[in-house]
1. So B:ASP123 ticks every box in (1) of a type in the set (D, E, K, R); (2) in contact with a Leu (Cβ under 7 Å, 6 or more places away or on another chain); (3) open to solvent by 20 Å² or more (accessible area, probe 1.4 Å) but one. Which box is left unticked?
2. Condition test on A:ALA221, is it out of contact with any Lys or Arg (no Cβ under 7 Å at 6 or more places or on another chain), modelled with pLDDT of 95 or more and either outside the structural domain of A:GLU265 (by TED's automatic domain parsing) or surrounded by 15 or more Cβ atoms within 10 Å (Cβ to Cβ) (or both)?
3. Taking interchain pairs and intrachain pairs at least six residues apart, which have beta carbon atoms under 7 angstrom, with the first residue in the stretch A:282-307 and in contact (Cβ under 8 Å) with a residue 24 or more places away in the chain and the second near the ligand (Cβ under 8 Å from one of its atoms) and in a helix (DSSP H, G or I)?
4. For the stretch A:181-204: of the residues being in a loop (DSSP other than H, G, I, E, B) and under 21 Å from A:ASP298 (Cα atoms), which is nearest to the ligand (Cβ to nearest atom)?
5. Name the residues in the stretch A:100-159 that are away from chain B (no Cβ under 11 Å) and without any contact (Cβ under 8 Å) to a residue 12 or more places away in the chain, would you?
6. Read through the list (1) near the ligand (Cβ under 9 Å from one of its atoms); (2) facing chain B (nearest Cβ under 9 Å), then give the number of the only condition that A:LEU253 fails.
7. How do the strands (runs of 3 or more DSSP E) wholly within the stretch B:146-254 filter down when requiring 1 or more residues that are more than 7 Å from chain A (Cβ to nearest Cβ): which remain?
8. Given (1) within 30 Å of A:THR293 (Cα to Cα); (2) open to solvent by 80 Å² or more (accessible area, probe 1.4 Å), where does B:PHE223 come up short, assuming only one miss?
Amino acid sequence: MTYVIIEHNNGKIEDISFEMLGKARAMGNGVTAVLLGSGTGDMVAQLGAADKVIVCDDPAFANFNPEAACKTASSILSGNTGDIILVGNTSMGMEIGPGLSASLGIPLVAYVTDIADGTVTSSLYGGKMSVQSAVSGGYIASVMAGAFPGDDGRVDGSPATEAATACVTSDLKVRFKQLIAPEGGDVDITQQDVLVSVGRGIQNEDNLEIVEELAQKLNAAVSCSRPIVDNKWLPKSRQVGKSGLKVKPKVYLAIGISGAPEHIEGMRDADTIIAINTDENAPIFDYADYGTTEDLFDVVPAITEKL
Amino acid sequence: MNIVVAIKQVPDLVEELELNDSGTDLDREWLKFKVNEFDEHALEAALLLKDAQGAQVTVVALDNGLDIDKALYAAAAKGADRVVKVTGEFEGYVSSHAAAKALAGVISGMSPDLVLTGVQAVDDLDGQLAVLLAHELGMPHITVVTDIEVNGSTATVQKEYGGGMVGEFEVQLPVTLGIQAAAETPRYVPVAKVRRAMKSTDIEEISGDAAGAGAGFEVTKMFKPETGQGAEMLSGSADDVAARIVEIIKSKGV
Ligand SMILES: Cc1cc2nc3c(=O)[nH]c(=O)nc-3n(C[C@H](O)[C@H](O)[C@H](O)COP(=O)(O)OP(=O)(O)OC[C@H]3O[C@@H](n4cnc5c(N)ncnc54)[C@H](O)[C@@H]3O)c2cc1C
């Protein structure tokens, strides 16, 4: 049996859950979904790719709580140390995956991009290396977003449900307080035809001027990778990626961005990707349509000038 | 308040990564190492708490021979009060499960209120350290943390989700946190100050033990990924390349 920990947010099942369900189906040993939530009926009806859904429906799960989720998942799966358990390599999954590995005492393979006959493939070193591991017996795989097609797992239906008997929702040391939505930005980078996206290769805040000039000429918006936001050079609303926004512009110019998996997650669906990066081995070139290893400080002003 | 920060060295991805002869690991001999960038954020988060409300900050690292002394001296120069090297059989690559076990053995003797480490590292194949470490220490955990406020025996912690959503939690101390980003950019420390710290700082050595702990699986192959067909690389001078890029953008009708 393959178990899939379902991730959801605000009553909506996250794409990663369907991607894992589709993969679990394809693995062919039967699929059990594990769903912790509050008012879960509508969600169960979307889990037709599972043969069975183990549900812990409790107001305590209206919002994610790392401690409650880990303890409950662990008690539900305590007898399943010989099975494969799929969890998203997401903010929630990074609590549950290692949490289950520690409490069940079974291995965890992280950053998983493929699973086939006991060989698990992971993406490491910022996407610069793939690693195959031989795993026997039960294990947890934390699965990268976008590794498997979601359509295979998106099946309506009414799978059999089983109410979990051992939900752990009291005596917790971690208490959920509130959800805080991000501040809206001056521009919505998800609605642009062209994004001029800048990464750590730009070196400092003053140098942003050259990408801003290019964006202006193109009538485009400037977006960026996470370090640019962490450095406070651009607002969070401009961040593309896992913890930022998912964008699908017609043209995405990736300037001085290495293409770490967390960044790729946010822009892989752009129509045309053009990457400017001096490192010929940068993973961004695996996703780009066009690339150049010329220095961004030469190419970017030259593009601006020619427009 | 007692804060322990666990850091480690990872290969600097700016360098070309070469494989070892058996094709199962990186060839570490010529690699350049640097502190995991998220561990740098964990240290910064600890130092910000120290600046704001006072704290004793201890930085611990496994002695895996990868320039760890340099990293510990730099931490001292930035403001860590105590730097500790955990000695034992940790040469080269150490799995997260083994690191959690060995670090917990040492950290538990330090009676920490907060244990901080980076949310992930570029090489943590068997999972991110923070939650594994929390389990070994018997502490609650929150990871992907972007903000910490300590109020007496509890902390208010912000955890980031996709799309910039943030969950706020209150947690009883002691707690182990995986840090995504400190509230400020990690402070820069000039080389001269690190040199002074090398003279004035003693790196404590405490022996650690990871017996019985490990990833629990074997790497059979490591290789450079080839996804799709890759990009069409534009050749010529920067000027030629710029001209081609202009053409391509225009051809997309935008
Ligand atoms: C839970 C989690 C969530 C995350 N979410 C996100 C997210 O939403 N978005 C995101 O972007 N990241 C995210 N990250 C961070 C991610 O792991 C990477 O650290 C980040 O994407 C790296 O950004 P970068 O490519 O700008 O920097 P680097 O990886 O440092 O790359 C800089 C690149 O610039 C190139 N370069 C340098 N100089 C030049 C030059 N003169 N000309 C041309 N090229 C040059 C270099 O070759 C290098 O490839 C997340 C991480 C975690 C753990």
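The values are calculated or read from the model by the stated rules, or taken from the named source; none is laboratory data. Just so you know, these numbers come straight off a predicted model, no measurement behind them. Counting neighbours? That spans all protein chains shown, and the Cβs are built from the backbone with ideal geometry, glycine included. Areas reflect the complete protein model, heavy atoms only, side chains present, ligands, DNA and RNA absent. Shrake-Rupley method; radii C 1.70, N 1.55, O 1.52, S 1.80 Å.
1. Result: B:ASP123 passes all but (3).
2. It is true that A:ALA221 is out of contact with any Lys or Arg (no Cβ under 7 Å at 6 or more places or on another chain), modelled with pLDDT of 95 or more and either outside the structural domain of A:GLU265 (by TED's automatic domain parsing) or surrounded by 15 or more Cβ atoms within 10 Å (Cβ to Cβ) (or both).
3. Hits for this filter: A:PRO283/A:GLY126; A:LEU296/A:GLY201.
4. A:GLY199
5. If the condition is that a residue be away from chain B (no Cβ under 11 Å) and without any contact (Cβ under 8 Å) to a residue 12 or more places away in the chain, then A:ALA116, A:ASP117 are the ones that fit.
6. Here A:LEU253 clears every test but (1).
7. Answer list for the stretch B:146-254: B:154-160, B:175-179, B:203-207.
8. So the condition that B:PHE223 fails would be (2).
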